Protein chains: 2
Amino acid sequence: MKIISFTMIVVSMSVLVACTSKTENTNRNGDEKRDTLYAKDPLPSWNDGDVKKAIIDYVNNVTNADGADFIPIADRIATFDNDGTLWAEQPVYFQFFYALDKVKSMSSGHPEWKTQEPFKSVLNNDMAGVMKQGEKGILQIVAVTHAGMNTNEFDSSVGQWIDTALHPVKKIHYTAMVYQPMLELLKFLQGHQFKTFIVSGGGVDFMRVWAEKVYGIPKDQIIGSSIKAKFDDTDGNPVIVKLPELDFIDDHEGKPVGIQKFIGRKPVFACGNSDGDLQMLQWTASNKYSNLELYVHHTDADREWAYDRQSSIGKLDKGLDEAMQNKWLVADMKIDWKTIFPGRKSE
Amino acid sequence: MKIISFTMIVVSMSVLVACTSKTENTNRNGDEKRDTLYAKDPLPSWNDGDVKKAIIDYVNNVTNADGADFIPIADRIATFDNDGTLWAEQPVYFQFFYALDKVKSMSSGHPEWKTQEPFKSVLNNDMAGVMKQGEKGILQIVAVTHAGMNTNEFDSSVGQWIDTALHPVKKIHYTAMVYQPMLELLKFLQGHQFKTFIVSGGGVDFMRVWAEKVYGIPKDQIIGSSIKAKFDDTDGNPVIVKLPELDFIDDHEGKPVGIQKFIGRKPVFACGNSDGDLQMLQWTASNKYSNLELYVHHTDADREWAYDRQSSIGKLDKGLDEAMQNKWLVADMKIDWKTIFPGRKSE
């Protein structure tokens, strides 16, 4: 039996320990430009600049029925990574915080966990101790918190968590840590009849619980990593049970494969923030239609986090080089974003 | 290396040999009722009757915002099987005719096939000979015609075939063998903001080439069986290559699993024609919202084919029992359908 093996979660653990030593943002502290308040600005949380202008020009251009770059509605496919692109991902992917919290909430039914690793360390909030258990320990945590239950039970568990849990650093709900500028971008594209999809390395069942409401993206347009499942009708009350076996890893080369599998059509617009999104952007850039590739660059250590080439979570290294080379758009969060999180304009 | 193993294709081969001995339709030869031409009949190719009335009443009922059975738009998920439900499937699944034709068109590059089974028999139109090669032979045919090429090449091959190939019995294009009453039903549901999906045991890449245009269902709402694929960017021109390894069989228990994987939400409306659709209908019937399950029953040997409990293709046995038990709708093609194929009202 294969156990799910999200490498991202393994990698993320090193950051739990190392995150306090992260380098501070060394980017220039550009004054936030005052956005020209022209009528009906579709991206009011974006500062005026090349990136904002390029996005708006692109959308207007390809939706102009008389223009040479017009894209038929059916081909207006826009794909977005989630972690680090639509919401934050530090100090570890939020789905792993769910797993840790879930171990704690399940622990009353597992008294043996008090003395059994990796659960003992989780229960003691001893992240270094969890780390010592290595990949095997991480996989045990993921397996007990993500498989062996039916999808109703999983949905209910994630739903309760997302409604109540607080981010350990920011002390706000996780869904309050989505990016306001990206919410506006999604709405702008949707308003121009782009079909927007999430294409994330995160777990698809985890995202679908809350992402539809938060992003306005229907569940069937949310693509992610998955574990296998089976239909069970033994007691006449059919359920789908999540199995502790990997189905699909929607990251790196897996992203174009997932796009082909779930969408069946090459995107014209793709947005990510890490090397894990590079192949999705390459795939999009090969579209015969006019296309746009956008990287979100985490440069704001004050309002969010600053990280790129050296980060264990959301590493952006090769992707940044390729973006420069190919003149893809790079949104500098510190410079291009007036607001980061919704309702926190003054941060 | 696992080779794809569509059991449906294996099963279908026996019919190629046996189809001439198929039993004729023994259903009563009901006179076609004249449909009352009331204003704006949404289903003009359906004869008036209990089934047509139940479908129209259901849709009007659950989309009435003031009614107790109202279903929010996001939950209006309707899933349709394809082979035998939206288009014909006799004497074998049309995708297998594609595979046989493809072997012939590829044969000039494979002179060895003239003496090598199973290709020799395919080239000689000797279906009994193909049968003798057993499952191994079938798998070889499927592998050489469905894998080892990139998705552009496959799309182009299927596209050319669907535009030109003729059905060996009916002598018309395969896309002319879709069911007019079902096209109207799809349109009726779409007009009431149902999101319509195909959930088929057939190959997803095969369907997506033509089904979007024919049914008005976007590629990303077409779910089917699949083989694995990989992203290949070695020469800077990214492609997705189809591999000769099974990824997912979207049939029987696989249908609810596929629905969960691709849609993430339980349907309220499901339609099929065989036991392979039974679990999809069971899954739909367990929806908390008012739901409708519909079986298409092939009863018309004159205008189409008549088959059910004993058929190797599209066997409807257990499903028919369960439909009776649960009072699901059963559309009797001979009685309920005024027209079968588009533009052939006089047939």
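On the given criteria, is B:Val199 under 14 Å from the mean Cα position of the chain (by Cα) and under 21 Å from B:Ile259 (Cβ atoms)? Yes. Say we look at segment A:134-163 and pick out the residues that are in contact with a strand residue (DSSP E or B) (Cβ under 8 Å, 6 or more places away or on another chain) and in a helix (DSSP H, G or I); which of these is modelled with the lowest pLDDT? The extreme case among them is A:Ala143.
Residues that are farther than 15 Å from A:Met182 by Cβ, touching a residue at least 60 places away in the same chain (Cβ under 8 Å) and of a type outside the set (S, T, N, Q) within segment A:264-311 comprise A:Arg265, A:Lys266, A:Pro267, A:Val268, A:Gly276, A:Met280, A:Tyr289, A:Ala301, A:Asp302, A:Trp305, A:Ala306, A:Tyr307, listed in sequence order.
Given the structure, is A:Ile240 assigned to a strand (DSSP E or B), at negative phi and buried (at least 24 other Cβ atoms within 10 Å of the Cβ)? Here the answer is no, as A:Ile240 does not meet what is asked. Inclusion of A:Gly258 among residues that are buried (at least 24 other Cβ atoms within 10 Å of the Cβ) and either over 16 Å from the mean Cα position of the chain (by Cα) or assigned to a helix (DSSP H, G or I) (or both) is warranted. Does at least one position in segment B:171-193 carry a residue that is within 14 Å of another protein chain (Cβ to nearest Cβ) and not basic (Lys, Arg)? For segment B:171-193, residues within 14 Å of another protein chain (Cβ to nearest Cβ) and not basic (Lys, Arg): present. For segment B:267-288, a residue qualifies if it is within 11 Å of another protein chain (Cβ to nearest Cβ) and among the polar types (S, T, N, Q), and the qualifying residues are B:Gln279, B:Gln282, B:Thr284, B:Ser286, B:Asn287. Scan segment A:163-183 and give yes if some residue there is over 30 Å from A:Lys334 (Cβ atoms), surrounded by fewer than 19 Cβ atoms within 10 Å (Cβ to Cβ) and over 21 Å from the mean Cα position of the chain (by Cα), otherwise no. No, that holds for no residue.
Residue-level analysis places A:Glu293 among those that are within 14 Å of chain B (Cβ to nearest Cβ) and either of a type in the set (Asp, Glu) or closer than 19 Å to A:Ile335 by Cα (or both).
In segment A:209-263, what residues are within 19 Å of A:Leu139 (Cβ to Cβ), in contact with a helix residue (DSSP H, G or I) (Cβ under 6 Å, 6 or more places away or on another chain) and either facing chain B (nearest Cβ under 9 Å) or without any contact (Cβ under 8 Å) to a residue 40 or more places away in the chain (or both)? Result: A:Ser226, A:Ala229. Of all residues in segment B:125-140, one or more are within 23 Å of the chain's Cα centre (by Cα), away from every other protein chain (no Cβ under 14 Å) and surrounded by fewer than 16 Cβ atoms within 10 Å (Cβ to Cβ). All of B:Gly276, B:Gly314, B:Gly343, B:Gly319 fail the test of being within 23 Å of B:His167 (Cα to Cα), modelled with pLDDT of 95 or more and not aromatic (Phe, Trp, Tyr), apart from B:Gly314. Filtering segment A:316-347 to residues that are assigned to a loop (DSSP other than H, G, I, E, B), out of contact with any Ser or Thr (no Cβ under 6 Å at 6 or more places or on another chain) and among the basic types (Lys, Arg) leaves A:Lys327, A:Arg344.
The values are calculated or read from the model by the stated rules, or taken from the named source; none is laboratory data. Model, not experiment: these values are computed from the prediction. Using ideal geometry, Cβ is built from the backbone for each residue, glycine included, and neighbour counts are taken over all protein chains shown.
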